[in-house]
Amino acid sequence: MDSKTSLTERTFVGIFWMMFGRGFQAILQFSVVLVLARLLSPYDFGVTSAAAVVTSFVIIFSMIGVGPVIVQRPVLTEAHVRTGFTVTVLLSIAFTVLLYFGSSYVADFFRIPELTNVIKVTSSIFLMQGFSVVAESLLERDLKFKLIIMLDVTSYIFYGIIGVILALLGFSYWSLVYALVFQNIVKLVMTLYFSRHNMIPYFDMKVSKELYFYGGGFTLEKFISQFANEADNFVIGRFLGAGALGLYGRAYQMMVMPATLFGSVIDKVLFPAMAQVQDDPKKLEESFRIGLTSVSITTIPISILVWFLAEDIVYILFGADWLGLVPALKILSLGLLFRNGDKICDSLIQAVGAVYRRAYVKGIYAIAIFIGVWFGKEWGIEGVALGVLAGIIINFILMANLTLKFIEFTWLDFLIAYLPALRVGLYTVGVSLVMEYLTGLLGLNAPLKILLTGVLLVTTLTLLYLINAQRLLGKDILWIRSKIVSMARKRMAKSAAKNQV
C-alpha cells in the first residue's frame, strides 16, 4: 500500500477529520433529539418536516448548482466567483419572496394550517444560504475540512441550545423552527468570516454560461434526487397526516444519521479530491475503492445492529410514545449500505462532470420511489418504507453501473471491496442472535442489552483481529489504520514539541 498517491493520503486525512467532526455532531444530534422527543409530540415534528420538504426543493433552484461548479472547475477565476455569488443572491431573494407569499398554498396542499406561518419564517433561510454558498464551496475546493466541520458543529450547538430552551418554554413546533433559523444565521456569519471573497455584484455572460451548463445539469439532477428523497414525505404528509409524518421522519432521520456520518462525509471529501484527478482513471479508481471500503466496513455492522436493536434504541431515545416508528426503522436500516454506496458513486460521477447522465439515472430513481411509496401508503409508514427501500436498491445498481463506464472497475471489484465488511457483518449477526437468546433467557432491559451487545461485538472483533487482521479487514482497511496511527503519532510528537518549548 506504500504506492498510494499523495492525493489518496490527503483524501484519507480529509475523511478522518470529517468523520471525527461528524461523529461529534452525531452525538450532539442524538442528545438534542433525545431531549426534544420528550418535550415535543410527533405532530410537532411532522409540521416542521412538512416545511422542510418544501424548503429543500426551493433551495435547489435558488442555488442553481453554483456550489458544485465552484468545487469542480479545474480553473476558477474571480469572474466565476463573483458571477456565481451575484446570481445566487438574486435568486435567493426572489425565492424568499415567492415562498413567503405562497405559504398558504403549501399549507392547503398538506392540509396542515400551521404551515402558513412556519413557511413564512423558514423562507428567510434561502436568503442566508444565497450569501454563503460560494464561500462554503471555496472551503470545500481548498479541502479545508477541519474548518468546515468546525462551522457545522458550532452552528448545530446553537440549534440544540435554542431548540431545547424554547421547547422547555412551551413553544411546541416553533422551537424547532426558530432553532433552525438561528443555526443558519450563525453558520452564515462564521462562513463569511473564514472564507472571504469579493462580494461586489458582477455578471459576465460568458462566465455564466460556463457555470450554468454544469450547474444546470447538477440542478436538474438535484431536483430529481430531492423529489425521490422527499416523495415519501409528500405522500405521508398529504394522506397520512402530520402525526404519521413525525413518526416516519424520526425513523428516516435515524436511518440517514449513519449515512450522514459516513457516506456524506466521504462524499464531501471524495468529490473535490476526485475532481482534482478527473483525467487520471487510475487515481480515480484508488479513491473510489477506498471510499467503498471505508463506507461498507462501518455501515454494514450498523445496519445489522439497528435491525436487531431497533425497539430498544427507539425506547431509550424517544420513549414508549414513539415505538410506532420501529417497523419503518428496521426496514429503512436495510438500505443503509446501498444509500452510502450510491454517495460514493455520486462523487465520482460529479467529479468527471457527467451530470446529465447522472440526472437521467436519478430520474429513474425518482419514478421508482414515487411508485413504491404511492402503493405502499396503503400499509401505512411500513409500506412507504418498503417502497423507499426498493427505490434505494434500484438507484444504487444504476449508479454503480454508470460508474463502471469511467474507471476500470467491475461488479466483482465491488464484491471484493465489500468483502471485509461482509465478514464483519456475519460476526455482527452472530453476536446479535446470541444477545437475542440471552435477552429472552435473562430478561435484560433495553440499556443493558445494547451495552452487552456492543461489548460482545467489540470483544469478538478484537480477538479475530489479533488472530488474523488482514483476513478480517483486508489491505485497504489496514492501510487506513496505518494512516490513523501515523496521524496520531505526528500530532502527539507535535504537541510534545510545543510543550518542550
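Multiplying the residue separation of residue 94 and residue 311 by 0.36 nm and subtracting their alpha-carbon distance yields 73.6 nm. Placing 414, 131, 239 in order of accessible area, with the largest value first and a 1.4 Å probe, yields 239, 131, 414. Once both labels are positioned 7 Å from their Cα atoms along Cα-to-Cβ, the gap between residue 150 and residue 34 label points is 2.8 nm. Scattering from the stretch 110-165 was approximated by placing one identical point on each alpha carbon and applying the Debye formula without solvent; log10 I(q)/I(0) at 0.13, 0.19, 0.22, 0.27 1/Å stands at -0.52, -0.87, -0.98, -1.07.
Please state the shape class of the stretch 317-377: rounded when a/c is under 1.5, otherwise prolate if a/b exceeds b/c and oblate if not, all from the C-alpha gyration tensor. Judged from the Cα gyration tensor, the stretch 317-377 comes out oblate (a/c at least 1.5, b/c at or above a/b).
For the stretch 338-415, trypsin sites (Lys or Arg not before Pro) are listed when DSSP marks them as loop and at most 11 other Cβ atoms sit within 10 Å of their Cβ; the list is 405. Sorting 205, 255 by solvent-accessible area of protein heavy atoms yields 205, 255, largest first, with a 1.4 Å probe. Among 307, 174, 322, the sequence by solvent-accessible area, most first, with a 1.4 Å probe is 307, 174, 322.
What is the percent of Cα-Cα separations in the stretch 369-450 that go past 20 Å? Here the long-distance tail beyond 20 Å is 64 percent of all Cα pairs in the stretch 369-450. Only protein heavy atoms count here; under a 1.4 Å probe, residue 458 has an accessible surface of about 90 Å². Here the accessible area is traced with a 1.4 Å probe on the protein chains. For the stretch 95-178, carbon and sulfur cover 68 percent of it. For residue 437, the accessible surface of its heavy atoms amounts to roughly 150 Å² (probe 1.4 Å, protein chains only, rounded to the nearest 10). Neighbours of residue 464, meaning other residues whose beta-carbon lies under 11 angstrom from its beta-carbon, give a summed charge of +2 when Lys and Arg score +1 and Asp and Glu score -1. The value of relative contact order for the stretch 50-156, using C-alpha pairs under 8 Å at least six residues apart, is 35 percent.
With R₀ fixed at 35 Å, the C-beta to C-beta distance from residue 410 to residue 460 puts the FRET efficiency at about 0.65.
Net charge of the neighbourhood of residue 429, taken over other residues with C-beta under 15 Å away and scored Lys/Arg +1, Asp/Glu -1, is +1. Rounded to the nearest angstrom and listed largest first, the equivalent-ellipsoid semi-axes of the stretch 313-414 from its Cα gyration tensor are 31, 16, 11. Cβ-Cβ distance of residue 401 and residue 169, R₀ of 51 Å, FRET efficiency by 1/(1 + (r/R0)^6): the value works out to about 0.45. Taking other residues whose beta carbon is less than 12 angstrom from the beta carbon of residue 241, and scoring Lys, Arg as +1 and Asp, Glu as -1, yields +3. Among the trypsin sites (Lys or Arg not before Pro) within the stretch 63-131, those in coil by DSSP and having at most 16 neighbouring Cβ atoms inside 10 Å are 111.
Suppose R0 equals 45 Å; then what is the FRET efficiency for residue 451 and residue 371 from their Cβ-Cβ distance, rounded to the nearest 0.05? Here the calculated transfer efficiency is 0.60. Taken over the Cα atoms of the stretch 54-199, the convex hull encloses 97 Å³ per residue. Just flag the GluC sites (Glu not before Pro) in the stretch 302-406 sitting in loop per DSSP whose Cβ has no more than 12 other Cβ atoms within 10 Å. Filter output for the stretch 302-406: empty list.
Taking the centroid of alpha carbons for each part, the stretch 159-209 and the stretch 318-361 are 25 Å apart.
The values are calculated or read from the model by the stated rules, or taken from the named source; none is laboratory data. None of the values given here were measured: they were computed from a predicted structure. Positions of Cβ are generated from backbone atoms using ideal geometry, with glycine treated the same way; all protein chains shown enter the neighbour counts. Ligands, DNA and RNA are stripped out before the accessible areas are found, and what is left, the full protein with its side chains, is counted by its heavy atoms. Shrake-Rupley method; radii C 1.70, N 1.55, O 1.52, S 1.80 Å.
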